[in-house]
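Report on the structure given below.
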Amino acid sequence: MLAAAPAAFAFSADPAVRYTAAVRRREAGFTLVELLVALAVISILAAIAIPSFFGETRKARAKAEVTPMFNDLRIRMEQYLQERGVYPDTLGESGLYPTDSPDGALRALQPLPDPWKALNITISGPDAVRCGYTWVSSRSNLGATGPSPGNAGTMATGTFGFTPPGNDWYYLLAKCRMDPNHTGYSWYFTSSVNSSIFPNNEGQ
């Protein structure tokens, strides 16, 4: 009579725990196909998440610059109106300072150009900026013959839907590019009619 096999070598009658070839393959790790599928999924997620992350970073950086600059300009525009009865002469939508072609590089604000000096503005934000800034002002009921001659431009009326009111008015524009690797521009708009800051094409 043969002796029973040692317990270490005994085979289970339960098929759920049998040491089959399929079990050995699973214990060996992922197959090449499984690894390729996992890498493809990771690549897709990265392609979606990374641009979104950097876009949000650029938006935050632009808002951090534009908001205090618009606040400084708005305060002085209103003070100028109280002191002189009119808003300062228009610069036009093309009168962007310190540059009309932002490229992601920081540019010094000082020394300020004469129209900014006449506004007697105090810059509370950084002394170097990546955006260009301008204002447009007028009395819409007098058009280009008003004391601050200027008409609303296409960026204000077309992109931001600005309608000049019947009394003195102004609006501020910022043209930004926060990343030198981008080719587009972000625009920001606020006005004497609505002090909210409205963006267009954010994240550039």
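Some points to look at:
- Computed 3J(HN,Hα) for the stretch 186-199, one whole-Hz value per residue from the Karplus formula 6.51 cos²θ - 1.76 cosθ + 1.60 where θ = phi - 60°, is 9, 10, 10, 9, 8, 8, 5, 7, 9, 7, 5, 9, 10, x, glycine and proline marked x.
- Order of exposure, largest accessible area first, which applies to Phe189, Phe30 with probe 1.4 Å: Phe30, Phe189
- Peptides 127-137, 32-42, 190-200 ordered by average Cβ neighbours within 10 Å, highest first: 127-137, 190-200, 32-42
- Value of relative contact order over the stretch 53-204, rounded to a whole percent, pairs C-alpha under 8 Å and six or more apart: 26 percent
The values are calculated or read from the model by the stated rules, or taken from the named source; none is laboratory data. Everything numeric here is computed off the predicted structure, so don't read it as measured data. For neighbour counting, all protein chains shown are included, and Cβ atoms are generated from backbone atoms with ideal geometry for every residue, glycine included. Just the protein is used for accessible areas: all its heavy atoms, side chains included, with ligands, DNA and RNA removed. Shrake-Rupley method; radii C 1.70, N 1.55, O 1.52, S 1.80 Å.
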